[in-house]
Amino acid sequence: MVDPMKDTASFPLVLDLVSPPTQVDADCLFTLAVALECDAPCDLSSVTYELHSGENLIGQGVLGPILRFDPDSPDYDPRNGPVEKRDQIFLSARAPKALGHFEWHIVIPAQSVGDIAIEATQIDFAATTSIHQTSLAVWDVPAPVQPGQKMRISIGAKCSAGCDLGGLSMRILNQGAGVATGTLSALHPQMEGLWCGEVELDAPITLGLAEFDVSFAPGDPRGLPHSAAQASFSTIVDAPPDHDVAVAIVDRETGAPVEEAHIRLGLQRVSTDMTGRVIIPAPRGEHRLFVWKAGFEIPEQMILVDQDLNITVQAKALPVKNPYDRWQG
Amino acid sequence: MSVRSNGPATESDPILSRRRFLGAGAATAASAVAVAPAAAASGAKEIVWDREVDVIVIGAGASGLPAAIAARDGGASVICVDHHFETGGIAVMSGGDIRIGGGNRIQKAAGSKETADDIFKRWTDPLQHRFADADIVRRFADENVATFDFLEANGVNFDRHGSNVPRQFRPGITSTPGIRPNEWPVRTDNIALDQGRNGSGIVRPLELSARDKGVEFLLSWTLNTIHREEQFAGRVLGVRIEQVDRWFQPQHRFLNLRARKAVILCNGGHGANVHFRRMFDPRLTDEYQHHGQATAKANAAGEIAALQIGAALGSVGNETDTGTGQAIDKGRLAVRDNYVRGKIGPESSVFFRHRALGLDVADWQDLILVKENGQRFWNEIDDSNDGYFANALKPTGDPKKLNGGGPIWAIFDSAAVEREKWQTTYPHVDRGGGYFFSGATLEELAAQLKRNIYQWRPMPGDALRKTVERFNSFVVSGKDTDFNRPAPPHKIEKPPFFAAWATPCLHDSYTGLRTDANCQVMDMQGKLIPGLFCAGESQGGIKSHGLGRCIVTGRVAGMEAARAS
Ligand SMILES: Cc1cc2nc3c(=O)[nH]c(=O)nc-3n(C[C@H](O)[C@H](O)[C@H](O)COP(=O)(O)OP(=O)(O)OC[C@H]3O[C@@H](n4cnc5c(N)ncnc54)[C@H](O)[C@@H]3O)c2cc1C
């Protein structure tokens, strides 16, 4: 558009928010994708913007690098082709610390880029701030264990906004009663923001499945409220072993060893080695011997363990599925 | 179109000829065609024709190429239009296992006594094929041997494929499940560049032969409208086509092509058109993808254009009779089109649409499958296809979505990644498109799934966590009391956790336009529509999977179209 009062062209700029978030973590940086439509024959990356909350100016900057519509980009389209053909910029802003609804105006004041005039424009953004969510992971839980055995497990906790959770503690409960506490002492070496700690606890003395809960109530690290998190894990308490059961799995037709077959003898879980063998310590008594290997049919059997045993299991190789059988009808 | 091959070619080599023709074809299309203004052709009388030929074939795949050649052999001038930028259709990435027999050269040499009657009996079996149109099957059966000869005469070579005789044609065996051509030897001409995509050995030689015989190809043009004298009466006059970009998106440039004799619809069916397929099975909501959709999108354009001028659908019962593979069981993970064979990697011309190689599963004990709500629904190591599919399609109970049960996600941990030796980076998994995610905790993982466009509501993180915790307790106790998976050996506990797309894909269209035995399309009154033919997966009638019926009916349609007055 040409403004007759000026001797330069003046261009309107249309802003639109692309999938704006409706909830953001309080006092955290988040990103807003803003689509730009403007016919101005100039680079808009140096255009300045302002962020207003009501009458207050709360931030300002330049639009920065512009993501151009690129049909060859690998992130171009998750489904069937062009979805968002407009140029986009990404504004980074810190959400208010107070919890609840907030409204901002993103304002581009009238300005010139070289001798090209850009008209003033504005777009509104509203969202809710929420408390940071935390969540847990529990791993390296041994199973089975013997009554009263010391168990060492790993626990990790993460804040949705990546807050520092170092030094915070969590409780382990068994049937509602606290049995141990642990402290988040270090960041996981490979995973961003996952605070980890090891916890030692005693296995129950009664045989059978034992279920534990982990409770993590971080309170307000950094002065910001965080949700509590919960997780559960289980193990199984078995009698101490009395005998060794040596198991060998062989292919029924060829006699070849079947390696990496999963074996369960009673409550023990193991896999065979390259020679198709494994030795399993087992308590006295009758136990189910179950073997699994993809592509084989292996019947399960009951084994009476009253001495050290050598057992050979014949595995029947299943015919390789013809992928085209499905269409023979 | 770029030519990527560097094969061992000689002057007389078909490979060299293909390259020569590809170059020439592109030039022909560009120079011979004047682009018409984008005005809609409102009535037959006002149409300004940009080109005129005897026969127009829509689609250059398993049915379109034989149709074009057969019409040309019958003396017709032919233009073949395809909305992809290459020929070959889905057939180019197929295994090439062609179900035709009836006593062909290879069968005879091996002592098979199969006849056309055996073929007819097989595809009209009163239990499995009760919805087939026996008139069409009869013609199909009678044309099997001639179509085999036609393929050989047009450069398709069956001799080097060792499995044909021992596997399919043992003396005394009358049923012929399939026969395979040699794979096209120039890997870079193919879509899936790993071995076993023998469908390339059908369509690449056929394309060469077609070009040799003077068939003209217009690539990257989609069918827009079929012109008929009156909307529901008179003969079909031609088509309006529209140029598309590499994403099949319309470019608002149109051409009107006049067909003096006939238009043949060979556009590969409707598997990728959600609303069309839901006419037959309402469960097939949009999360279900279609095999081969990155190569040749089966969007029912031909069927819809034909319905708009009064055509009828035929043998629709075939479609819902899921017994023979309309849908596929658990496939590859982390890529939306998860067909288990034929890897489409970055060197492939369609990788930009396919986006990832995907992860092959060696042992389904390494993961659990959950629905969009984070809950398991199946014994993951059970391979019974139809049972799996029926359960995968069951809704999860939310009143907002009572049809369809997806998306489905494979959930596993870093220990499983190690056991399976999976690579969780480009180009193996499709992270950017939202088909693969990782997270330090299960809640964090679940929260990310909303970036997938089909995940229609957030997966509750605590539901996913509880599912995994419960599954882990089954590992500890040795009993899966929910789905009876036998003694699951591995817990899912070691971060990071992963979610990989595992939603079943659709494979075939088993219904389409109603035709007579000559592949001529009928209207709702059972009258033949003059000048309109249809073949392949867009045609209703035969519930035989894949290439066999498409090639045979394509050839029949081409022959009959050339004869049309
Ligand atoms: C991975 C895979 C493996 C397979 N393996 C086998 C196998 O081993 N044996 C077997 O028998 N079958 C197999 N099939 C099935 C077989 O490939 C198809 O049934 C067959 O190719 C269908 O032939 P068609 O001509 O109907 O469709 P296609 O071969 O797909 O050809 C249709 C053509 O129409 C074009 N088209 C679509 N819409 C339009 C439009 N609007 N305008 C212009 N052009 C359009 C498409 O781009 C395409 O080129 C396999 C399929 C897949 C996906």
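Annotation: lysines with alpha-carbon distance below 28 angstrom to B:K213 (same-chain offsets under eight excluded): B:K261, B:K297. Each residue of the stretch A:9-22 was assigned a 3J(HN,Hα) from its phi angle through the Karplus curve 6.51 cos²θ - 1.76 cosθ + 1.60 (θ = phi - 60°); the sequence is 6, 10, 10, x, 10, 9, 10, 8, 7, 9, 6, x, x, 9 Hz, with glycine and proline shown as x.
Sorted on the mean count of surrounding Cβ atoms within 10 Å across their residues, most packed first, peptides A:114-120, B:359-365 read B:359-365, A:114-120.
The mean sequence distance of close C-alpha pairs (under 8 Å, at least 6 residues apart), as a share of the length of the stretch A:243-317, puts its relative contact order at 40 percent. Across the stretch B:201-218, rounded Karplus estimates of 3J(HN,Hα) from the backbone phi angles (6.51 cos²θ - 1.76 cosθ + 1.60, θ = phi - 60°) give x, 9, 7, 5, x, 5, 4, 4, 5, 4, 5, 4, 7, x, 6, 9, 10, 10 Hz, Gly and Pro being marked x.
Using the Cβ-Cβ distance between B:T320 and A:E300 with R0 set to 30 Å, the FRET efficiency works out to roughly 0.15. The label-point distance for B:A390 and A:S271, in a model that sets each label 7 Å from Cα toward Cβ, rounds to 3.5 nm.
Across peptide A:226-235, the mean count of Cβ atoms from other chains lying within 10 Å of each residue's own Cβ comes to 4.
Cα gyration tensor of the stretch A:9-130, axes a ≥ b ≥ c as square roots of the eigenvalues: rounded (a/c below 1.5), prolate (a/b > b/c) or oblate? Taking the square roots of the gyration eigenvalues as a ≥ b ≥ c, the stretch A:9-130 is oblate. Each Lys or Arg adds one and each Asp or Glu subtracts one; over the other residues with Cβ under 9 Å from the Cβ of A:F11, this totals -2.
Here each label is just a point 7 Å from Cα along the line to Cβ, and for B:T424 and A:I58 those points are 3.6 nm apart.
Quick check for you: which residues of the stretch A:230-267 have the amide N under 18 Å from the point 7 Å beyond the Cα of A:N174 toward its beta carbon? Only A:231-241 pass the distance filter.
Amide H contacts under 5 Å for B:N224: B:R240, B:I241, B:E242, restricted to partners 5 or more places along the chain or on a different chain, H placed in the peptide plane at 1.01 Å from N. Secondary structure note: in the stretch A:243-317, about 75% of the DSSP beta bridges are antiparallel.
Other chains near A:192-202: what is the mean number of their Cβ atoms within 10 Å of each residue's Cβ?
Mean partner-chain Cβ count within 10 Å for A:192-202: 1.
Shape class of the stretch A:178-329 from the Cα gyration tensor (axes a ≥ b ≥ c, square roots of the eigenvalues): oblate, since a/c reaches 1.5 or more and a/b does not exceed b/c.
Below 12 angstrom from the Cβ of A:Q149, what's the summed charge of the other residues (Lys, Arg +1; Asp, Glu -1)? Local charge sum for A:Q149: -1.
Peptide A:134-142 has a mean of 6 when you count, residue by residue, the C-beta atoms of other protein chains within 10 Å of its C-beta.
Peptide packing for B:549-557, B:84-92 was compared via the average number of neighbouring C-beta atoms within 10 Å per residue; ordered from the highest value, the list is B:549-557, B:84-92.
Computed from the C-beta positions of A:D202 and A:L318, the FRET efficiency with R₀ = 56 Å rounds to 0.80.
For the stretch B:351-501, the number of Lys pairs separated by eight or more positions or lying on different chains, with C-alpha atoms closer than 18 Å, is 13.
Annotation: cysteines of the protein assembly as shown without a disulfide-compatible partner (Cβ-Cβ under 4.7 angstrom) are A:C28, A:C38, A:C42, A:C196, B:C80, B:C266, B:C505, B:C519, B:C534, B:C550.
When only Cα pairs below 8 angstrom with a gap of at least 6 residues are kept, chain A shows a relative contact order of 12 percent. Taking the average, over residues, of other Cβ atoms within 10 Å as the packing measure, peptides A:251-258, B:467-474 rank B:467-474, A:251-258 from highest down. Spin-label pair B:W247-A:I279: with each label point 7 Å from Cα along the Cα-Cβ axis, the two points sit 6.3 nm from one another. Where only DSSP H runs of four or more residues are counted, chain B gives -8000 deg cm²/dmol as its mean residue ellipticity at 222 nm, each run worth -39500 (n - 2.57). 3J(HN,Hα) couplings calculated from phi for the stretch A:253-266 with the Karplus curve 6.51 cos²θ - 1.76 cosθ + 1.60 (θ = phi - 60°) are, in sequence order, 7, 9, x, 6, x, 9, 8, 6, 7, 7, 10, 10, 10, x Hz; Gly and Pro show x.
Every number here is computed from the coordinates shown, using simple stated rules; none is lab data. No experiment lies behind these values; they were computed from the predicted model shown. Cβ atoms come from the backbone with ideal geometry, glycine included; neighbour counts cover every protein chain shown.
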